[in-house]
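Visitor: Quick one: the structure is below, and I'll ask about it shortly.
The values are calculated or read from the model by the stated rules, or taken from the named source; none is laboratory data. On a predicted model such as this, the values are computed, not experimentally measured, just so you know. Every residue, glycine as well, gets a Cβ built from its backbone with ideal geometry; the counts of neighbours run over all protein chains shown.
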Amino acid sequence: MNARLLLALALTLLCSAVAEPLKFSFGSRVAPAGASAVVADAVFASGRAFGFEPGATLTANADGVTSTTPFYFTATVPAEGNYRVTIMFPGGTDATVKAELRRLMVEHVTVPAGQTTIRTFIVNTRTPKIAAVGDIKAGVVKLKAPRESVQEAWAWDDALTLEFNGIHPAVSAIAIEPVNVPTVFLIGDSTVCDQSKEPFNSWGQMLPRWFKPDLAIANHAESGETYRDSIGRRRLDKMLSVMKPGDWMLMQFGHNDQKQIAAGIGGPFTTYKAEIKVHVDAVRAHGGTPIIVSPMERRNFDEHGKIKLSLADYAEASRQAAKELGVAFIDLNAMSIPFYEALEAHGPEFSRRAFAGQDNTHHQNYGSYELSKCIVQSIRELKLPLAKFIVDDFNDIDPAHPDAVEKFAVPASPNFTNIRPLGDEAPVVPTK
């Protein structure tokens, strides 16, 4: 079967069961019926429904478009929600795919010359608008400007953006179709949220990598925030307004909640636990299942290479709240300690391989990748219903024996910043 017929068949089969799918055919070939042709110089701009983000350097041929540098493709979608994205890669591809703000979707796909490969995943899109649903009043999420309105605009617009990265990124065809699948909502701070630029990254951005294309990850976390901010900025309301029975919420705060102690307005065993309960009760009232995650430790060692605990009270408060409320509990705090110590055992400062430059709170890609695996490992060990969605190639992790740094190969995204995420310690300029 020739490449054009194969492409047409793939796009038809992938979208036949869904109303009004978006189908794109890349390169110099004639696009199959029902698919939009995307040429190498198609730039996404105001008024255009799809195209490559400015700066792409692409070559088109009969198999698709290719590049030797990362590029972004954006398509406007009709409404916020979950979309199944199916990509056909041409022969010669050696690529990693991220979505929206650097959410890892496809890790290192390689395609032999003369062949094609198809990968499928789920991307969640959203806007700030909050619809009136039940006890939720209409309104908008109180976004932080300019952080969310400018740097993180891709996370809140009416389009879906894909980043093609790696040694030889390429694409033949893309199908984007709305789907009704269970959603895992994430709420938390800068160690959970979608960081827009390197070197900062979070476990929430890596989490989609570990789930089959039958489940969506919707990351509503934001830098510098607390459980109280989740309520005050209406992030909780936003999630509840779109939550369906059978959905989940992973909740991890603590780093910024410590500021309430200094301000004399709360603490881990009082306001922190009370605000956890507000979230748990609200999620349950809307048919969802909450999971409490304790905050990971900071990078702070004593003279023996052991972590000095700084978030133990918040980890314990999380544990107590989970037990009192009958909620599943993932102790990321406990797992982060042997992880950091195992790295530091390789030599002084070696643990910085998990962190963003000189920052001792925020992680880079390797660190967040390993922490995301700790989350998934816990889901499996706790035998939560979510475990059935874990991808088949997930390998168990022992935090005391993490994956080798030298073998980590998720490529960095193109954009870099010296601006540290909003948080709880003095800004430190990261090193490239």
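Visitor: In region 111-134, how many are farther than 26 Å from Cys193 by Cβ and of a type in the set (D, E, K, R)?
Guide: Qualifying residue count for the region: 0.
Visitor: Regarding Asp257, is this residue in contact with a Ser or Thr (Cβ under 6 Å, 6 or more places away or on another chain), more than 28 Å from Leu215 (Cβ to Cβ) and free of Cβ contacts under 8 Å to residues at least 60 places away in the same chain?
Guide: The answer is yes for Asp257.
This table checks each residue for (1) assigned by TED's automatic domain parsing to the domain that holds Asp247; (2) over 10 Å from the mean Cα position of the chain (by Cα); (3) surrounded by 23 or more Cβ atoms within 10 Å (Cβ to Cβ).
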site	(1), (2), (3)
Lys197	yes, yes, no
Ser202	yes, no, yes
Met206	yes, no, yes
Asp214	yes, yes, no
Glu222	yes, yes, yes
Arg228	yes, yes, no
Ile231	yes, yes, no
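Visitor: Within region 124-155, how many residues turn out to be more than 13 Å from Arg233 (Cβ to Cβ) and either among the aromatic types (Phe, Trp, Tyr) or under 17 Å from the mean Cα position of the chain (by Cα) (or both)?
Guide: Total meeting the criteria: 9.
Visitor: Between Ser25, Ser46, which is modelled with pLDDT under 90, under 21 Å from Glu163 (Cα atoms), assigned by TED's automatic domain parsing to the domain that holds His108 and small (Gly, Ala, Ser)?
Guide: Selected residue: Ser46, the only one of Ser25, Ser46 that is modelled with pLDDT under 90, under 21 Å from Glu163 (Cα atoms), assigned by TED's automatic domain parsing to the domain that holds His108 and small (Gly, Ala, Ser).
Visitor: Would you confirm whether any residue within region 235-256 is hydroxyl-bearing (Ser, Thr, Tyr), in the same structural domain as Ala322 (by TED's automatic domain parsing) and in contact with a helix residue (DSSP H, G or I) (Cβ under 9 Å, 6 or more places away or on another chain)?
Guide: no
Visitor: Shifting gears a bit: Of all residues in region 102-118, count the ones that are in contact with a Leu (Cβ under 9 Å, 6 or more places away or on another chain) and either part of a strand (DSSP E or B) or at pLDDT below 95 (or both).
Guide: 4
Visitor: So if I check each of Ala274, Ala315, which one is surrounded by fewer than 20 Cβ atoms within 10 Å (Cβ to Cβ) and out of contact with any strand residue (DSSP E or B) (no Cβ under 7 Å at 6 or more places or on another chain)?
Guide: Among Ala274, Ala315, only Ala274 is surrounded by fewer than 20 Cβ atoms within 10 Å (Cβ to Cβ) and out of contact with any strand residue (DSSP E or B) (no Cβ under 7 Å at 6 or more places or on another chain).
Visitor: Hey, can you tell me all the residues within region 301-339 that are aliphatic (A, V, I, L, M), under 24 Å from Ala387 (Cα atoms) and assigned to a loop (DSSP other than H, G, I, E, B)?
Guide: Val327
Visitor: Quick check on region 390-418: of everything there that is in a helix (DSSP H, G or I) and out of contact with any helix residue (DSSP H, G or I) (no Cβ under 9 Å at 6 or more places or on another chain), which residue is farthest from Glu107 (Cα to Cα)?
Guide: Glu406
Visitor: Kindly indicate whether Thr161 is in a loop (DSSP other than H, G, I, E, B) and polar (S, T, N, Q).
Guide: No, not satisfied.
Visitor: A further question on this structure: Name the single residue that is farthest from Thr93 (Cα to Cα) among those in region 33-49 being out of contact with any Gly (no Cβ under 7 Å at 6 or more places or on another chain) and surrounded by 19 or more Cβ atoms within 10 Å (Cβ to Cβ).
Guide: Ala35
Visitor: Here's a follow-up. Would you pick out the residues in region 329-353 that are more than 14 Å from Gln377 (Cβ to Cβ), small (Gly, Ala, Ser) and surrounded by fewer than 22 Cβ atoms within 10 Å (Cβ to Cβ)?
Guide: Listed by number, the residues that qualify are Ala342, Ala345, Gly347.
Visitor: Condition test on Glu406, is it surrounded by 18 or more Cβ atoms within 10 Å (Cβ to Cβ), over 20 Å from Gly224 (Cα atoms) and charged (D, E, K, R)?
Guide: For Glu406, the condition - surrounded by 18 or more Cβ atoms within 10 Å (Cβ to Cβ), over 20 Å from Gly224 (Cα atoms) and charged (D, E, K, R) - is not met.
Visitor: Can you name the number of the only condition in (1) over 22 Å from Ala387 (Cα atoms); (2) assigned to a strand (DSSP E or B) that Leu250 fails?
Guide: Looking at each condition in turn, Leu250 falls short on (1).
Visitor: Say whether the condition of being touching a strand residue (DSSP E or B) at 6+ places or on another chain (Cβ under 6 Å), in a strand (DSSP E or B) and surrounded by fewer than 21 Cβ atoms within 10 Å (Cβ to Cβ) is met by at least one residue in region 86-101.
Guide: yes
Visitor: Now for a separate question. With respect to Val192, is the statement that it is closer than 22 Å to Val410 by Cβ and touching a residue at least 24 places away in the same chain (Cβ under 8 Å) true?
Guide: yes
Visitor: Based on what the data block shows, is Ile176 part of a strand (DSSP E or B) and surrounded by fewer than 18 Cβ atoms within 10 Å (Cβ to Cβ)?
Guide: No; evaluated as a whole, the condition is false for this residue.
Visitor: Quickly run through region 53-94 and pick out the residues that are acidic (Asp, Glu) and closer than 14 Å to Ala113 by Cα.
Guide: The answer is Asp63, Asp94.
Visitor: So, in region 148-168, how many residues would count as being surrounded by 13 or more Cβ atoms within 10 Å (Cβ to Cβ) and touching an Asp or Glu at 6+ places or on another chain (Cβ under 8 Å)?
Guide: Number of matching residues: 10.
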